[in-house]
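Here is the structure we will look at, set down as structure tokens.
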Amino acid sequence: MSFEAYLGFTGDSAAVHLSGDLGESDVPVLRSLIDQALARGARSIVLETDQLHSIVAGGARCLAFAQQRLPEPGRILVKGTREPVRRMLSQAGMESALTLVEDHVARGD
């Protein structure tokens, strides 16, 4: 499944909508969206991942770097995480650095 991403803003919060399969060749897209959010002064980043089927380790590393660059007490909130994405974030040691929010709609993964 092809990867798609776009960025939106509400006040000092940025929303990054991700869908498909985030592969190594897509990591620069994610990095660019996060860079744009930080350049506009985002104090928090919300990742809408309910349509994201998978993420590579490079994508998880990108999120770790973004967390370090957010101004205090900034945070990254991940909404609607599917099991393969959650597993990769856990393997990368990111679960404790991110706020994971379950999607209220049940879906088969």
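For region 15-35, taking the residues that are within 11 Å of the chain's Cα centre (by Cα) and outside any helix (DSSP H, G or I), the one that is farthest from ALA66 (Cα to Cα) is identified as SER19. Of all residues in region 61-70, none satisfies being within 12 Å of the chain's Cα centre (by Cα) and either among the acidic types (Asp, Glu) or not in a helix (DSSP H, G or I) (or both). Does region 19-28 contain at least one residue that is open to solvent by 70 Å² or more (accessible area, probe 1.4 Å) and among the hydroxyl-bearing types (Ser, Thr, Tyr)? Yes, region 19-28 has at least one match. Pairs linking a residue in region 43-70 that is more than 16 Å from PHE3 (Cβ to Cβ) to a residue that is hydroxyl-bearing (Ser, Thr, Tyr) and open to solvent by less than 50 Å² (accessible area, probe 1.4 Å), with Cβ atoms under 9 Å and 6 or more positions apart or on different chains, are ARG43/SER13; SER44/SER13; ILE45/SER13; VAL46/SER13; LEU70/SER44. With respect to being open to solvent by 80 Å² or more (accessible area, probe 1.4 Å), at pLDDT 90 or above and out of contact with any helix residue (DSSP H, G or I) (no Cβ under 9 Å at 6 or more places or on another chain), GLN51 fits the description.
The values are calculated or read from the model by the stated rules, or taken from the named source; none is laboratory data. Here the structure is a predicted model, which means the values were calculated and not measured. Here Cβ is always computed from backbone atoms with ideal geometry, including for glycine, and neighbour counts include all displayed protein chains. SASA here: full protein model, heavy atoms, side chains in, ligands and nucleic acids out. Shrake-Rupley method; radii C 1.70, N 1.55, O 1.52, S 1.80 Å.
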